[in-house]
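Some notes on the structure that comes next.
A short reminder: the numbers here are calculations on the coordinates, not readings from a lab. Because the structure is predicted, anything quoted here is derived from the model rather than measured. Cβ coordinates were reconstructed from backbone atoms using ideal geometry, including for glycine residues, and neighbour counts include every protein chain displayed.
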Amino acid sequence: MLLVGLGAVSTTTIAGVCAIRRGLALPIGSLTQMGTIRLGKRTEARVPRIKDFVPLAELDDIVFGGWDIFEEDCYAAARTAGVLEPAQLEQVRGELEAIRPMRAVFDRRYVKRLDGPNVKKGRNKRDLAEQVVADIRAFKQRHGCDRLVMVWCGSTEVYMKQTAAHATVATFERALEQSDEAIPSSMVYAYAAIREGMPFANAAPNLTADVPALLELAARTKAPVAGNDMKTGQTLIKTIIAPGLKARLLGVKGWYSTNILGNRDGEVLDDPESFKTKEESKKSALDYIFQPQLYPELYKDLCHVVRINYYPPRGDNKEGWDNIDLVGWLGYPMQLKINFLCRDSILAAPIVLDSALFLDLAKRAGMSGIQEWLSFYYKAPMHAPEVYPEHDLFIQLMKLKNTLRYMQGEQLITHLGREYYD
Ligand SMILES: NC(=O)c1ccc[n+]([C@@H]2O[C@H](COP(=O)([O-])OP(=O)(O)OC[C@H]3O[C@@H](n4cnc5c(N)ncnc54)[C@H](O)[C@@H]3O)[C@@H](O)[C@H]2O)c1
């Protein structure tokens, strides 16, 4: 498993997997490790664990590697991130120290608040992509891996829109050659992985692999792709609460979300251009869940505000506040307040693990391109151009589980259930 960016999320994922496979901790939050799936009728009582139902890679078989602009090994990086307790990191220290970041493809133009020494040099972006491909192949050989998965866990890059450079593989490769500004570092990694036919996931809100050129390449190399921006913290709660309000046809006039966080991610997001990328990703969920075009009386005038405030004392322990102004029967107003004291990377780590394991499964099942069934994990799910993204967590879970049933030739579950009453 190759992770781009060995920061808070990556090191929490790696240290967690090391601890879990030694029996020191539980994989709480991971559907692949703890989830079950109902098969057939409710009367059949067939409910295996997902990991016993589909052939996922075993945690014991995973080898980790990655890139970062800082030279610290994974143990030192985990200490810097400050998510896990020092005593817990000590238990897996040897394994973490053995993971040293490869030199990164990095340009400050795309992440303004960071700079580091462990960076590749190259003639142009094409050359840098070739260097990443060489890293991937060397890693595979050194560790005797059968298969690889790449997950972008690097910082949020500045807001970018699709341009002509992203239109086809040919225009993209020309842009790489010319070191076109339209190709941020994350796209260089995505290109390298996808060209190698590797599954690729984007844990951040950047454009990254979500452009026609890279999807065309993925179709050619049969690489599955998923993203964007892991659904954790405030947005996770939003996509749990909003479908419930909508199901009961309660109107929503306003949804004000604010939060404080003090990790490096927060520092990067303190730059307005990186924040814009995050804001776009966070704001879309409510529009799609509430469907104001179908329910104008309930949601047309919804005022949705999202704020992220960098506040160093909190480190990775984010605090989010939501104020929801709702409307009930005859237009009477009500309010709902949510105060979530969460740990960002603790919520993110199981998503990185699950995404990697499911993408590897998809690759073996011959499923390539956008894996919409993994929308469950993402704030701004990748989707085909002709459909809108599905944001409702419960529909997403149903889609995910039905995809697993479909892969294994089991009957899909519609929840109709007439047979119990006929
Ligand atoms: N923690 C969460 O719950 C969560 C949720 C959704 C999305 N994300 C996103 O995941 C990403 C990682 O979050 P984090 O909390 O681990 O941040 P972090 O700042 O702790 O780690 C990011 C790491 O990426 C490195 N990096 C940046 N650009 C790079 C490049 N071009 N190549 C290699 N390394 C690079 C940085 O040096 C840093 O070590 C961010 O984009 C964040 O917005 C996090």
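Points worth noting:
- Estimated at 0.36 nm per residue, the fully extended path between D60 and Q293 surpasses their Cα-Cα distance by 79.0 nm.
- Translational diffusion coefficient (Stokes-Einstein; Kirkwood radius from C-alpha pairs) of the stretch 233-341 at 10 °C, 1.306 mPa s, in µm²/s: 109
- For the chain, the share of DSSP beta bridges that are antiparallel, to the nearest 5, is 45%.
- Volume per residue for the chain equals 150 cubic angstrom (convex hull of Cα atoms).
- Cα centroid separation, the stretch 260-333 to the stretch 104-166 (Å): 30
- Within the stretch 233-341, percent of DSSP bridges classed antiparallel, to nearest 5: 70
- With a Förster radius of 45 Å applied to the C-beta separation of Q141 and F340, the computed FRET efficiency comes to 0.55.
- Residues of type lysines that K282 reaches as a straight line, Cα spacing below 23 Å, ignoring anything fewer than 8 places off in the same chain: K112, K161, K231, K238, K246, K253, K300, K318, K337, K379, K399
- Subtracting the Cα-Cα distance of R364 and L26 from 0.36 nm times their residue separation leaves 119.0 nm of extension gain.
- Using a simple spin-label model with pseudo-atoms 7 Å out from Cα toward Cβ, Q88 and N124 lie 4.7 nm apart.
- Most to least packed among 394-402, 274-282 [average Cβ atoms within 10 Å]: 274-282, 394-402
- Taking other residues whose beta carbon is less than 15 angstrom from the beta carbon of R137, and scoring Lys, Arg as +1 and Asp, Glu as -1, yields 0.
- Extending 7 Å from Cα along the Cβ direction at K253 and again at W329 yields two label points whose distance is 1.9 nm.
- Nonlocal amide H pairs with E157, under 5 Å, H built at 1.01 Å: N206
- Inter-label distance, nm, simple model (7 Å from Cα along the C-beta direction), E181/Y388: 3.4
- Based on DSSP H segments of at least four residues, each scored -39500 (n - 2.57), the chain has a per-residue ellipticity at 222 nm of -12000 deg cm²/dmol.
- For the peptides 149-156, 292-299, 351-358, the ranking by packing is 149-156, 351-358, 292-299, with the highest mean count of neighbouring Cβ atoms within 10 Å listed first.
- Contact order, relative form, for the chain: 19 percent (alpha carbon pairs under 8 Å, 6 or more residues apart, mean separation divided by residue count).
- Relative packing of peptides 176-187, 30-41 - highest average C-beta neighbours within 10 Å first: 176-187, 30-41
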